Amino acid sequence: MKVLVINCGSSSLKYQLFDMTDESVLAKGLVERIGIDGVLTHQPAGKDKVVIKNDIKNHSIAIKMVVDALISPEHGVIASMTEIGAVGHRVVHGAEEFASSVRITPAVMDALERCIEMAPLHNPPNILGINACAELMPGVSQVGVFDTAFHQTMPKKAYIYGLPYEAYEKYGVRRYGFHGTSHRFVSESVAEMMGKDLKDLKVITCHLGNGSSLAAVDHGKCVDTSMGFTPLEGLVMGTRSGDIDPAIVTFLMKKKNMSVDEADNYINKQSGVLGISGVSSDFRDIENAANEGNEHAQLALDIFAYNVHKYIGSYAAAMNGVDAIVFTAGLGENSITMREAICDGFEFIGAKLDKEANKVRGKAKEISTADSKVKIFVIPTNEELVIARDTKMLCK
Ligand code: ADP
């Protein structure tokens, strides 16, 4: 079966076509600037990349262009659209409606509409993508894979906030967590690499990218995660503040005479390591600036590492121990110095980084010393493959 995986954002769309007989990627690409002008970058496996500029008014036109690229005689990888057996969509928010991936039905679409309130920026483009595929490929099964689903196993004590209980009951205010597909993939992968069953392990997964989150995976089930009601909570991130005293928001709104939207922008877009360093939200730029002696850049890196270090400690406490710590996503997979800074001072939980083995980027590898009680790993994430696998499983 060939599965098309779609990840729709408000003005962009990423795709990968998998041949599920061997899980190979036949082609992948990206449509950008949807609704502005439009450009498709298409990468067929083993062939040259093609860039196609076009007026891409909406997501329906973007999906049509993707399918045209996939079946094109020049740079296509399949003979016709009928070869696409199913489509899997990344959906950001499934709230409490979805604890696992589902086949799209009219009832599921209604539930997705109800979830818009929780993710007003993310879920609408996901829905547009599903509708566009239904229009272009009628009769082809579609599946939704949710960022929040993996975290639905958290116990109430981990997801209820210290607010009046009505905030949860009336408005659904609780911890949901995000990056679930990634946390699930790397926790399953680490069990495989250790030759163990995930049900016998306590794992802490660290997804460190532009947005960052940790998850405590206890015997295969997520029991806690650092992102919350929105992806703002938890670690200091590229541009997001992460955990702060909530009173700071109202204090600064008064001081700076900010509107609700301005305050939202301040903590989501202007904060994090960008706000601290004043350099960039990209960790590579911050590392370079720190190496050149920029103290604010160094401070941003120190704060980030300290944050992750503390969260790992608290999740080890939450699970009464830890067997494996996994680093993934852009920063987690690639930053040797950040992993070293995070793991410095973990003797108390029995985790020792092997500094030589840690000199690795973007490859699955154990990076702890032979005598380390807690194993440490780098594992590149692959959310698209999880979506393709779930889609195949649900559409067989
Ligand atoms: P997103 O959340 O957008 O999917 P990614 O997982 O791609 O993000 O991670 C992007 C982050 O990873 C950026 O901040 C980038 O600086 C960082 N990153 C990527 N490669 C490296 C590297 N070699 N060294 C340090 N940071 C890196």
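Here, each number is a calculation from the coordinates, and none is a lab measurement. Owing to the predicted nature of the structure, the values given are computational and were not obtained by experimental measurement. As a convention, Cβ positions derive from the backbone with ideal geometry for all residues, glycine included, and neighbour counts pool all protein chains shown.
Angle of helix 180-194 to the longest C-alpha principal axis of the chain, folded into 0 to 90 degrees and rounded to 10: 70°. Name the lysines eligible as straight-distance cross-link partners of Lys156: C-alpha to C-alpha under 19 Å, and not fewer than 8 places from it in the same chain. Those lysines meeting the cut-off are Lys170, Lys221.
Could you please state, rounded to a whole Å, how far the C-alpha centre of region 272-350 is from the C-alpha centre of region 111-178? That distance is 29 Å.
What's the Kirkwood radius of region 2-146 in Å, using all Cα pairs?
Numbers: mean 1/r = 0.0651 Å⁻¹.
One decimal place: 15.4 Å for the Kirkwood radius.
Relative to 2.2 N^0.38 Å, what does the C-alpha radius of gyration of the chain come to as a ratio? Two decimals please.
So the Cα radius of gyration is 1.00 times the expected 2.2 N^0.38 Å.
Across region 196-378, Cα-Cα pairs more than 30 Å apart make up 21 percent of the total.
A simple count of charges around Lys392, restricted to other residues whose Cβ falls under 13 Å of its Cβ and scoring Lys, Arg +1 and Asp, Glu -1, yields -1. Annotation: extensible slack from Ile336 through Leu252 equals 26.6 nm (criterion: 0.36 nm per residue apart, minus Cα-Cα distance). For Ala45 and Ser12, the FRET efficiency from 1/(1 + (r/R0)^6), where r spans their Cβ atoms and R0 equals 25 Å, is about 0.70. In this Cβ point-charge picture (+1 for Lys and Arg, -1 for Asp and Glu), the chain has a dipole of about 280 debye about its Cα centre.
Distance between the C-alpha centres of region 225-267 and region 1-66: 34 Å, rounded to the whole angstrom. Distance between the pseudo-spin-label points of Asp110 and Lys310 (7 Å out from Cα toward the beta carbon): 4.5 nm. The slack in the chain from Asp197 to Ser72, taken as 0.36 nm per residue of separation less the alpha-carbon distance, amounts to 40.6 nm.
Given an 8 Å cut-off on Cα distances and at least 6 residues of separation, report the relative contact order of region 196-378 as a percent. Mind dumping the intermediate values first?
On the way: 339 pairs, mean separation 37.1, N = 183.
The normalised contact order for region 196-378 reaches 20 percent.
The angle separating the long axis of helix 295-318 from the principal Cα axis of greatest extent in the chain is about 90 degrees.
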